[in-house]
Amino acid sequence: ADEDERLKVYHIFSRIHGDLERDYNDFVIDPTYFSQGPGNFRDVVQNRRNDVVFNPRIGSFNVKMFLSFIQPDGYEPLSVEAVAFSIKDEAVCEQIAAEAVGRADGHRAQREATAGMLCSGPFRPGQLFLLLEEQNVFLIISPQEFIDKVAAAATVTPMAVYQTGYWADHWDYYIEMIESYLSIYPEAEESLMYDKELPYFYSPAFCQPRSKKYVLSTSYNGKGHHVRQLDATDDDKEMLHVTSRYVDNSTNWYKIEANWTHDKSGAIFKSTPIAKLFLLATIKYATRDAYGMGIEYEGGRPGWNDAMNGLVGMVGSGMPEMYELEILIRYVLSVVSKFNRPIVVPAELGALIDSISSAMALLGGYVDNPEKLSKTVPQPLFDYWDSVATAREEYRSSVKRGFSGETLTLTPDEIIPMLRSWIKEIDKGKARAFTLGSHGHGDNGLSGVPPTYFSYNVTKYTETGERNKNGHPFVLPKEMHVGLFPLFLEGPTRYIKTVDSGEARTMYQRVKKSGLRDDGLNMYTISASLKGQSYDMGRMMAFAPGWLENQSVWLHMSYKYYLELLRKELYKEFLEEMTSGGILPFMRPDQYKRSLMECSSFIASSAFDDPSIRGRGFLARLSGSTAEFLSMWILMMIGPKPFFLNDDTGELQMQLMPALPLWFFEKDTTETIKPDEKEFLVIEFKLFADITVKYHNVRRTDLFQRAPTRYVIGLRDGSIHKVDSSVIPGDLADKIRRVVFCDYISAYFE
């Protein structure tokens, strides 16, 4: 799709969360051909991250689409819709119509009707075919040929809808999607990052400044007051006025242009992917909490664990997003260092960058007390936070109606030291988080497992003189006190992504000894005990322990955890967890009580009161857990980077690097064995859903971090190529990646 603009990518049969059978969620699927319903951003971006590994023809489509959804304020819309097709050239529409229904005079009405459908505005393939039926248009070519002609001529536009609030974690998943793409197209990184410009999504909702969302309200016991963050986002009249400019008078509905941010000239403003990632990193860095540990949940919604929905009101923040910020910054740093090219960003971002730099200079050599950290945020850190938060709010106000159109060019010499200094501050925040630790029932904070969440109690404040719609006074904080929570599995899961294998193994051992381990089931719970926690924190407090998000085994997060063990090459630990019942299909069927081929939303843990329910899976769920399982499958069967560039020549090469234990292999019944030879052990799978790959384990040993010694590659033209090397050279590697040329690959481990 990257090489041929005529090829279009269109996902079908998708709906909320990506689960076709999970009917307890409200959802809509259009009653059309090629049906696709809307899906929540997090679910769709996670589910599609490996698309390119299973179908290389998709190319960079997903990367570009999701990066297009980054808004000027650093957030994304909630609902991802089906892409829209459009053809603006009337002559092209008429040509397609003529080929589709015929040029004879008797076909004139149908020809004009078809051309009108194609040129009257955006459409989706299913809508187009329904219109053809409704208007009794008869095609003289096959439907496949017709849609191919339409798709080849059309422009595709991503579609999304804001809906409600801004989730703190939607941006977390970009780097994994980029890494998947680069594992197939490593030579395309510079072009992807620098040579294509993408728009910014425009939502008519504004993330309010603190002066419009920090509210003095009555505490739950009615005996006092506390400061809460309420109504963090709001439909903004100015922003709604901006979108109203793009209403189609003929339909009284928004044009596609209403979805995108414009500049003062009226043009859709665009930036390169690397510029959008840098903008995102800048805004998230400016959203660190007052202690510099987590990323603030300041957009009205929490992160991945949406059952922590009350944490937003508690002026909460999350360490998972901070770990992901470190990964994002390190990626931007690597790209700028590798290609030594400048980044062009919106001019408005420059003021925010300057404010961050000035605040960091004033913070200077502030050093934490390594022995003990006060739970009251030290004044220098509070002043830094207040200054940068103000600058962030001013930046957002400046781009509320769109960008000016002016740009700022940042050179590698400016970017590299800046990003390195940001990483140092992030490291300080991570160290503070470990020192402060967690706090919960039976948790003394000394587990060595990183906390996941914090809250901030505003202990000193001034009233602004204004009130919210419910009559509560708005306040500005002057002093803050950090609040601690029990352990959650997401914290160490995301932390492991930022460290090497040795540190990952240490963390694994700590987690196994912590309150997150369910020894009765040999699994891990989404949280440790929540006994004694405030109902302020979210809906999970309404559930019984061991049920739903209250200390149950939440399969998706458990699978995320196991995946990180595999990524860090902790093969022994991963396989022990898998075979002891942590991963399907190795769970006990008498306990799980549903198909071992079907994931669940959660498993009732040993914390649940009724022993007969413990270990049972509830609520079928094919999304989330399945996405993580597919990533595990890729690492085990193919390896993390099947395609790469030779360090010396820059040539494209391929190498299969499975992570398979010996017991995965079985005897090869297709080979003739001589009396003095041992039977071959083999395993077979489909690469790119089409190429048969067979591993020959001649050594009869575990294959961990071990490349094949040779390959035999059969092409579809009948030729057979023997490669006496662990690496497949460029010409063959390219043919394999194009799929259609290759029939099979036999890899020998001798």
How big is the Cα convex hull of the range 461-618 in projection, averaged over all directions, in nm²?
12.5 nm²
Could you order peptides 730-740, 408-418, 163-173 by the average number of other Cβ atoms within 10 Å of their residues, highest first?
163-173, 730-740, 408-418
Dimensionless Rg over Rh [the range 193-304; C-alpha; Kirkwood]:
1.08
Residue among F146, S447, V242 farthest towards the positive dipole end of the chain, charges placed on Cβ
S447
Over the chain, what percent of the accessible surface lies on carbon and sulfur atoms, probe 1.4 Å?
50 percent
Based on the Cα coordinates of the range 326-390, what is the per residue volume of their convex hull in Å³?
136 Å³
How large is the charge dipole for the chain, taken about the Cα centre, if only the Cβ atoms of Lys, Arg (+1) and Asp, Glu (-1) carry charge, to the nearest 20 debye?
1540 debye
For the peptides 282-290, 102-110, 338-346, what is the packing order when you average, over each peptide's residues, the other Cβ atoms within 10 Å and list the highest mean first?
282-290, 338-346, 102-110
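Per residue, how much accessible surface does the chain expose to a 1.4 Å probe? Answer in Å², no decimals.
Details: 31520 Å² over 750 residues.
Accessible surface, normalised per residue, equals 42 Å².
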Please tell me which of these pairs span more than 30 angstrom C-alpha to C-alpha: K513/K686; K430/K478; K255/K400; K686/K722; K430/K560?
K513/K686
Relative contact order of the range 125-281, please, whole-number percent, based on alpha carbon pairs below 8 angstrom and at least 6 residues apart.
23 percent
Taking θ = phi - 60°, what integer Hz values does the Karplus form 6.51 cos²θ - 1.76 cosθ + 1.60 yield along the range 569-574, in sequence order, with x for Gly and Pro?
6, 8, 5, 4, 5, 4
Relative contact order %, the range 80-199, counting alpha carbon pairs below 8 Å whose residues are six or more apart:
35 percent
The summed charge of the R567 Cβ neighbourhood (under 15 Å; Lys/Arg +1, Asp/Glu -1) stands at -2
The chain: relative contact order from alpha carbon pairs under 8 Å, six or more residues apart, as a whole percent, is 10 percent
Bins of 10 Å, starting at 0 and running to the largest distance - Cα pair percent for the range 303-342
25, 32, 22, 17, 4
Which value results for Rg/Rh of the range 99-204 when Rg is the Cα radius of gyration and Rh the Kirkwood radius based on the inverse mean 1/r?
1.13
Which of the listed residues, F643, F664, S595, is farthest toward the dipole's positive end in the range 586-666, when Lys, Arg count +1 and Asp, Glu count -1 at the beta-carbon?
S595
Go through (i) 1.17; (ii) 0.98; (iii) 1.09 and flag the label whose value is the computed Rg/Rh (Cα atoms, Kirkwood Rh) for this structure.
(ii)
Would you compute, from DSSP H runs of 4+ residues alone, the mean residue ellipticity of the chain at 222 nm, taking -39500 (n - 2.57) per run and dividing by the full residue count, rounded to the nearest 500?
-10000 deg cm²/dmol
14 Å beta-carbon shell around V344, net charge (K/R +1, D/E -1):
-2
Which order do the peptides 237-246, 515-524, 59-68 take when ranked by the mean count of other beta-carbon atoms within 10 Å per residue, highest first?
59-68, 515-524, 237-246
Over all directions, what mean area does the Cα convex hull of the range 589-719 project, stated in square nanometres?
13.3 nm²
May I ask for the net charge around V83, where only other residues with Cβ less than 12 Å from the Cβ of V83 are counted and Lys, Arg are +1 while Asp, Glu are -1?
+2
W304 accessible area, 1.4 Å probe, all protein chains in place, Å² to nearest 10
20 Å²
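The values are calculated or read from the model by the stated rules, or taken from the named source; none is laboratory data. Computed from a predicted structure; not experimentally measured. Cβ: placed from backbone, ideal geometry, glycine included. Neighbour counts: every protein chain shown. Note: accessible area is taken over every heavy atom of the protein model, side chains too, but ligands, DNA and RNA are not part of it. Shrake-Rupley method; radii C 1.70, N 1.55, O 1.52, S 1.80 Å.
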